[in-house]
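Data first, discussion second: the structure below is written as structure tokens.
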């Protein structure tokens, strides 16, 4: 039976992989690293990590194998070089991807009798190893329990979402949906404001107020979607149709693309046509489901 700090192998030394290595080193775990591009491990080796010459050597050195690469294609390519027999080693994949890819990776691991967890890191690199880090995991409960202690080095909050291996990735892509569309919305709004001669600093003073409305809106929408009741007491889909049309027309008058706004209006128009105009905006979630298209 293994005693003492768990030997950890980290495959992938991008910014997040390096942050993970640092956290494991700080927690006094023996750490072996491997990266497709040589030369990234020098400072980590100075801190005590061991640089493996091959994926096979890297996997052989660890009890917990943590993979954090650019995508699942890179994960498959790297692990194709791993030993045929993994023994009792555990594989934790913290690579961002899609739920279907996570499920496929789980099947690959299962066919080789490898204990597998898929994970999603919800915090930036600087939070790794601190109380503010948050990582979601999905996969067999016994694998999660076996990996929990060494993965605790990542810090903060770890949440096991259940046995379904694609669940962590599903959360990640849905949250990325919020982030990506929000960032685009912000830069698009600055472009529109600038086209109307509004100074960025002046616009920011009022734009931050929009962000303050969102946490309560998310919670309220969740309750309404759960209950299937969409009161239009605060705002209605019909009023949103009018407001978004003004934004689209102003964008077009300045030659600014309005693709995301027109996509949103098409969903709103569909909802109004289906008789949902007097209802609240959370109803648009079901319209998207019913239509089967964006």
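Out of everything in region 148-159 that is touching a helix residue (DSSP H, G or I) at 6+ places or on another chain (Cβ under 8 Å) and surrounded by fewer than 21 Cβ atoms within 10 Å (Cβ to Cβ), what residue ends up being farthest from residue 127 (Cα to Cα)?
Start the filter on region 148-159 by keeping residues that are touching a helix residue (DSSP H, G or I) at 6+ places or on another chain (Cβ under 8 Å), which leaves 150, 153-156, 158.
Of the ones still in play, those that are also surrounded by fewer than 21 Cβ atoms within 10 Å (Cβ to Cβ) are 155-156, 158.
On the way: 155: 8, 156: 9, 158: 13 Å.
The selected residue is 158.
Looking at (1) more than 29 Å from the chain's Cα centre (by Cα); (2) on the phi > 0 side of the Ramachandran plot, find the lone condition where residue 256 falls short.
Here residue 256 meets the rest and fails (2).
Kindly indicate whether residue 71 is surrounded by fewer than 20 Cβ atoms within 10 Å (Cβ to Cβ) and either within 23 Å of residue 104 (Cα to Cα) or within 25 Å of the chain's Cα centre (by Cα) (or both).
Considered against the rule, which asks whether it is surrounded by fewer than 20 Cβ atoms within 10 Å (Cβ to Cβ) and either within 23 Å of residue 104 (Cα to Cα) or within 25 Å of the chain's Cα centre (by Cα) (or both), residue 71 comes out as yes.
Taking region 71-85, which residues are within 24 Å of residue 154 (Cβ to Cβ) and modelled with pLDDT of 95 or more? Break it down into steps so the answer makes sense when it comes.
So the first thing to find is which residues in region 71-85 are within 24 Å of residue 154 (Cβ to Cβ), and the list is 71-72, 74-76, 78-79, 82.
Scanning region 71-85 gives 71, 72, 74, 75, 76, 78, 79.
Conditions (1) in contact with a helix residue (DSSP H, G or I) (Cβ under 6 Å, 6 or more places away or on another chain); (2) without any contact (Cβ under 8 Å) to a residue 12 or more places away in the chain; (3) closer than 26 Å to residue 172 by Cα; (4) in a loop (DSSP other than H, G, I, E, B), marked per residue:
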residue: 17; (1), (2), (3), (4): no, no, yes, no
residue: 24; (1), (2), (3), (4): yes, no, yes, no
residue: 38; (1), (2), (3), (4): no, yes, no, yes
residue: 56; (1), (2), (3), (4): no, no, no, no
residue: 60; (1), (2), (3), (4): no, no, no, no
residue: 69; (1), (2), (3), (4): yes, no, yes, yes
residue: 73; (1), (2), (3), (4): no, yes, yes, no
residue: 83; (1), (2), (3), (4): yes, no, no, yes
residue: 86; (1), (2), (3), (4): no, no, no, yes
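Filter region 112-147 down to residues that are part of a helix (DSSP H, G or I) and within 20 Å of the chain's Cα centre (by Cα) and give me whichever is surrounded by the most Cβ atoms within 10 Å (Cβ to Cβ). Can you show your working first?
Taking region 112-147 first, the residues part of a helix (DSSP H, G or I) are 125-127, 141-147.
From what is left, the residues that are within 20 Å of the chain's Cα centre (by Cα) are 125-127, 144.
Numbers: 125: 16, 126: 11, 127: 17, 144: 23.
Within region 112-147, the match that is surrounded by the most Cβ atoms within 10 Å (Cβ to Cβ) is 144.
How do the pairs read when you match residues in region 118-147 that are free of Cβ contacts under 8 Å to residues at least 24 places away in the same chain with residues anywhere that are surrounded by 15 or more Cβ atoms within 10 Å (Cβ to Cβ) and assigned to a strand (DSSP E or B), using Cβ under 9 Å and keeping only pairs 6 or more apart or on different chains?
Here the result reads 141/160; 145/160, each pair linking region 118-147 to a residue that is surrounded by 15 or more Cβ atoms within 10 Å (Cβ to Cβ) and assigned to a strand (DSSP E or B).
Given the structure, is residue 197 on the phi > 0 side of the Ramachandran plot and either exposed (fewer than 12 other Cβ atoms within 10 Å of the Cβ) or at pLDDT 95 or above (or both)?
Details: on the phi > 0 side of the Ramachandran plot: yes; either exposed (fewer than 12 other Cβ atoms within 10 Å of the Cβ) or at pLDDT 95 or above (or both): yes.
Taking the combined requirement at face value, the residue satisfies it.
Would you check if residue 44 is in a loop (DSSP other than H, G, I, E, B), surrounded by 18 or more Cβ atoms within 10 Å (Cβ to Cβ) and in contact with a strand residue (DSSP E or B) (Cβ under 7 Å, 6 or more places away or on another chain)?
Answer is no for this residue.
Scanning for something outside the structural domain of residue 100 (by TED's automatic domain parsing), under 28 Å from residue 101 (Cα atoms) and touching a strand residue (DSSP E or B) at 6+ places or on another chain (Cβ under 9 Å), does region 174-181 turn up at least one residue? Give the steps one after another, and end with the answer.
Our first condition is that a residue be outside the structural domain of residue 100 (by TED's automatic domain parsing); within region 174-181, this holds for 174-181.
Cutting the leftovers down to under 28 Å from residue 101 (Cα atoms) gives us 174-181.
Checking which are touching a strand residue (DSSP E or B) at 6+ places or on another chain (Cβ under 9 Å) leaves us with 175.
Checked against the condition, which is being outside the structural domain of residue 100 (by TED's automatic domain parsing), under 28 Å from residue 101 (Cα atoms) and touching a strand residue (DSSP E or B) at 6+ places or on another chain (Cβ under 9 Å), region 174-181 yields at least one hit.
Taking the condition over 26 Å from residue 63 (Cα atoms) and loosely packed, with under 13 Cβ neighbours inside 10 Å, does residue 185 pass? Write out each step before concluding.
Numbers: over 26 Å from residue 63 (Cα atoms): yes; loosely packed, with under 13 Cβ neighbours inside 10 Å: no.
No: the conditions fail for residue 185.
Looking for something part of a strand (DSSP E or B) and closer than 21 Å to residue 27 by Cβ - is there at least one such residue anywhere in region 94-108?
The answer is no; no qualifying residue exists.
The values are calculated or read from the model by the stated rules, or taken from the named source; none is laboratory data. The structure displayed is predicted, hence computed values, not measured ones. Glycine also receives a Cβ, built like all others from the backbone with ideal geometry; neighbour counts cover every protein chain displayed.
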